[in-house]
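The values are calculated or read from the model by the stated rules, or taken from the named source; none is laboratory data. As the structure is a prediction and not an experimental result, all values here were calculated from the model. Note that each Cβ is placed from the backbone with ideal geometry, even for glycine, and that neighbours are counted across all protein chains shown. The accessibility values were calculated without ligands, DNA or RNA, using every heavy atom of the protein model including side chains. Shrake-Rupley method; radii C 1.70, N 1.55, O 1.52, S 1.80 Å.
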Amino acid sequence: MQPQTLNSSELRARPLRPTRRAVVLLLAGVVLAVTGEILGSNELRFLGIVLVALPLVMWLVRALTPPRLELTRTVYPRTVAAGDRLRVVTELRNNSVFGVEPSSYADIVTGADRSHVGGVLPAIASRLHPREGRRRRRIAYSLDRMRRGVRQVGPLLYENVDGLGLTRRVMLLGEGTTVEVWPQVHDVDAFEIPALRMGREIEVALGRSGEADDVITREYRRGDPLRRVHWKATARAGELRIRQEEHHSEAVSHVILDTSSCGDTDYHDGFELSVSVAASVINRLHEVGFDTELSGTCATSDIEGNSLDGVRTGATAPLDPLMRKLMLLEWAALDAREQVDQIAQQLARNASGPLVYVGRTASTAVVDLAGFGQPAIAILCAEANERDAMHTSAQQLRSAGWDVVCMNASAANPWAQFQRLEANA
């Protein structure tokens, strides 16, 4: 019997049971046996007994000789960015002296654009078979649209039907493999925001330091912009010297992420894009040497219970802990309080670098933060049904002195199309 691929309604383990074909044979056998008794026909009586016995015997044999399959799964990488490719290789080995018929399978996947990956496997030979390749089968596939969060690949559901199609069982094999899907990081230079481009921050930091010579330099490399040449160090060394991409300790950037509730839904394109943009901006600021502080507009915590309030990462510290926190982040509850006032107080004490706001829209309290940023940059990420509210916020932010970038979270590639508005003079 040719196996059929498991559908969504069958994605659970099921014990050994007769198929519809077996039930039909049983009923037909009973009818023929009774008819043979009534008519006194030994042929009909014998045929009826055979039809009744066949599914019963098959069920008994299958119950006594269940498949003994061993599953080994490899998932790589185990930590991946949203949208990147994940490779899964699963191997099934038969440890029984009986072979296994061609069967269908479904590998359960969470956080992907499909709930499972299914197909049909050829027969697996007995462990006594001389050829190793016949005693095992391999399943390999890729996933390239995993969503941010802690996801799982597996376990595997394996449908086993006998050759006559009279009995069927669905087995649960192996355990799930955990995969961490971090926010996707993009190049934000396309936004053409001066404060996030290489070189500008260096000059700002040097200007604040008061000592043009108090800077770390390195040798010139092909492609380095001439504006970063440190001429005094060049004159002393006799060769071109370039300012390192480092800042003085007072240069701190602040990133504010809109963590307000997205309503009663499991997934929101605007929020996911906002998290990705925040991760990308933080990565860029970190590359050019800023200490970075991340805050949320509303009181919230990740799935492990850790707060997002004022998470600070030094310029020389690794970003992995922060990226993992963003990976675990969920939006705030519907009744969560806004904490922009507390953020403003913090900025008033320690505002020395760029201020970047990332969200779907902006409240009045956020608009009023423009004076704390050098410069103040707002990146709005809204779904199609939020575009009117986003454009209203964009005009308010622009009028208050923010540089504004508008992105369409519903687009196939939001990073390919965006609108940039410079702050009003």
Tell me which residues, restricted to the range 373-425, are aliphatic (A, V, I, L, M) and without any contact (Cβ under 8 Å) to a residue 24 or more places away in the chain.
A411, A412, A416, A425
Subset tally (residues that are surrounded by fewer than 17 Cβ atoms within 10 Å (Cβ to Cβ) and not aliphatic (A, V, I, L, M)) for the range 46-79:
11
Condition first: open to solvent by 40 Å² or more (accessible area, probe 1.4 Å) and free of Cβ contacts under 8 Å to residues at least 60 places away in the same chain. Now tell me which residues in the range 92-109 satisfy that.
R93, N95, V97, F98, G99
Unique match (being touching a Pro at 6+ places or on another chain (Cβ under 8 Å) and not in a loop (DSSP other than H, G, I, E, B)) among L397, L326
L326
Members of the range 263-275 that are open to solvent by 10 Å² or more (accessible area, probe 1.4 Å) and either touching a Cys at 6+ places or on another chain (Cβ under 9 Å) or part of a helix (DSSP H, G or I) (or both):
H268, D269, E272, L273
Of the conditions (1) of a type in the set (G, A, S); (2) surrounded by 14 or more Cβ atoms within 10 Å (Cβ to Cβ); (3) at pLDDT below 90, G118 satisfies every one except a single condition; which number is it?
(3)
Filter the range 368-389 down to residues that are touching a Gly at 6+ places or on another chain (Cβ under 9 Å) and either open to solvent by 10 Å² or more (accessible area, probe 1.4 Å) or in a helix (DSSP H, G or I) (or both), then give me how many there are.
7
Has the range 75-91 got at least one residue that is closer than 14 Å to R138 by Cβ and free of Cβ contacts under 8 Å to residues at least 24 places away in the same chain?
no
Cβ-Cβ distance below 9 Å, separation of 6 or more or different chains: which pairs start in the range 14-36 with a residue that is in contact (Cβ under 8 Å) with a residue 60 or more places away in the chain and end on one that is exposed (fewer than 13 other Cβ atoms within 10 Å of the Cβ) and assigned to a helix (DSSP H, G or I)?
L16/A63
Of all residues in the range 242-262 being modelled with pLDDT of 80 or more and touching a helix residue (DSSP H, G or I) at 6+ places or on another chain (Cβ under 7 Å), the one that is surrounded by the fewest Cβ atoms within 10 Å (Cβ to Cβ):
C262
Hey, among A344, A278, which residue is in contact with a helix residue (DSSP H, G or I) (Cβ under 9 Å, 6 or more places away or on another chain), open to solvent by less than 10 Å² (accessible area, probe 1.4 Å) and in a helix (DSSP H, G or I)?
A278
Per the filter on the range 347-372, residues among the polar types (S, T, N, Q) and in contact with a helix residue (DSSP H, G or I) (Cβ under 7 Å, 6 or more places away or on another chain) are T361, S363
